[in-house]
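See structure below.
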Amino acid sequence: MVAERFSRQSILPELGPEGQRRLGVARVLVVGCGALGSHTAAALLRAGVHRLILLDRDILELHNLHRVALFTEADVGRPKAEALADRLCQIDGEVEISAYVAHFGPSQAEDLVPAVDLVVDGLDNMETRYLLNDACLKHGVPWIYTAVLGTTGLMMPIVPGNGPCLRCLFPSPPPPGTLPTCATHGILGPVPKALGALQASLAIRLLTAGEVPIGKLFQFDLWRVEFRELVVPRRDDCPSCVRGEYAFLREGSRTVTLCGDAIHILPRTSESVDLEELARRLAGLGKVRRGSGVLFFDVDGVSFTVFPDGRAIIKGVKDPTRAQALYDQFISR
Ligand SMILES: [Zn+2]
């Protein structure tokens with residue numbers, strides 16, 4: 001049955017039965033399960049990649065639906081990683097999936113990256129990509145930098161020990177909140193699906209042939225139907241891929257500014273939060289609502305989404321320090 005399922009792909013001279021077999025045993029980590037990550041994951045699964053690890057810290061919102069093919073209105077309010085895992089199991093019952101509703105921080109990077117053959121990029125912020133870059137270089141795992149914005153997408157495969165890395169391309173992360181995001185500049189619905197397909201194609205090539213174009217940044221504009229290829233040299237003094245300092249793997253800030261005018265706050269401790277008890281405590285202070293495994297809390301034009309592991313996503317505040325203060329005031333004790 002498995003052979004029949006992939007028969008139209010395994011006859012490709014680029015893959016053959018051996019390439020198809022390699023896809024079946026490959027292990028891939030999908031960091032970020034929004035539009036870009038979910039389309040990449042689905043394309044990989046349908047191609048025969050059966051071992052997937054999914055990670056996303058966020059829940060699905062109505063304004064995500066215009067650019068994702070796998071999610072429906074019934075998934076709004078659910079954690080994206082869990083909704084994606086359920087949908088992928090419906091596509092192919094042979095799949096082995098681990099889904100994590102969690103922030104991708106240094107400890108998750110150190111745990112998950114060494115366990116896989118490849119990481120694909122479904123992220124919505126640059127800060128986390130620098131951490132992913134360091135983790136992949138340290139553990140010798142290739143990853144594919146892929147980003148979408150407006151009508152355009154960028155892609156650059158990064159193979160440790162062979163060619164440039166993300167910090168050769170962009171040496172330092174921009175200050176939080178200074179880059180345009182999907183919330184401020186918009187996103188054309190089909191763009192993440194196209195870039196997900198491109199990312200999945202390069203992932204399949206890397207997993208089967210063991211090689212991809214190195215040292216090139218690919219830029220696509222779907223509206224203007226334009227494609228450009230830029231040569232990216234390796235920097236002689238790159239702190240990540242040459243000097244091996246991996247500074248982003250050290251515990252960093254507790255706040256990350258997300259695409260979508262939201263700020264993500266990490267808890268100070270790893271103790272889980274009793275959401276029922278928190279709901280009772282917050283009830284007199286603002287509007288409290290329970291979602292699928294999360295708690296929503298609105299007060300003075302600021303909205304909190306609180307997860308059982310103590311993380312919170314805060315909207316209605318632009319300054320990360322202010323968001324941190326509000327978290328400490330209402331959520332942490
Ligand atoms: Zn580098």
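Computed quantities for the displayed model
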{"quantity": "Qualifying lysines (Cα of each under 27 Å from Cα of LYS80; at least 8 residues distant if same chain)", "calculated": "LYS193, LYS287, LYS315, LYS318"}
{"quantity": "Taking N as its residue count, the alpha carbon Rg of the stretch 187-333 over 2.2 N^0.38 Å", "calculated": "1.46"}
{"quantity": "Sorted by Cβ density within 10 Å, fewest first, the residues PHE6, PHE248", "calculated": "PHE6, PHE248"}
{"quantity": "The stretch 204-254, relative contact order [Cα under 8 Å, separation at least 6], %", "calculated": "20"}
{"quantity": "Unit charges on C-beta of K, R, D, E only; dipole of the stretch 261-330, Debye", "calculated": "160"}
{"quantity": "Crossing angle, helix 126-139 versus the chain [Cα axis fit, 0-90 degrees, rounded to tens]", "calculated": "50"}
{"quantity": "Extended-chain gain in nm, criterion 0.36 nm per residue less alpha-carbon gap, ALA194 and LEU217", "calculated": "6.7 nm"}
{"quantity": "5 angstrom amide H check on ASP261, placed H, neighbours 5+ away", "calculated": "ALA183"}
{"quantity": "Equivalent ellipsoid dimensions for the chain as semi-axes, Å, which come from the Cα gyration tensor, largest first", "calculated": "33, 23, 19"}
{"quantity": "Over the stretch 261-330, relative contact order from alpha-carbon pairs under 8 Å, at least 6 apart, %", "calculated": "37"}
{"quantity": "10 Å-binned pair-distance histogram of the stretch 261-330 (Cα, whole percent)", "calculated": "21, 60, 20"}
{"quantity": "Contour excess over end-to-end distance, with Cα ends at HIS185 and GLU245 and 0.36 nm allotted per residue", "calculated": "18.2 nm"}
{"quantity": "Sorted largest first, extent of the stretch 70-192 alpha carbons per principal axis (Å)", "calculated": "41, 36, 23"}
{"quantity": "Electrostatic dipole magnitude of the chain [Cβ: Lys, Arg +1; Asp, Glu -1; Cα centre; debye, to 20]", "calculated": "280"}
{"quantity": "The chain, relative contact order in percent, only Cα pairs under 8 angstrom and at least six apart counted", "calculated": "15"}
{"quantity": "Degrees separating the helix 80-91 axis from the principal Cα axis of the chain, which is the longest one", "calculated": "40"}
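A short reminder: the numbers here are calculations on the coordinates, not readings from a lab. Given the structure is predicted, the values throughout are model-derived calculations rather than measurements. We place every Cβ from the backbone using ideal geometry, glycine too, and count neighbours over all the protein chains shown.
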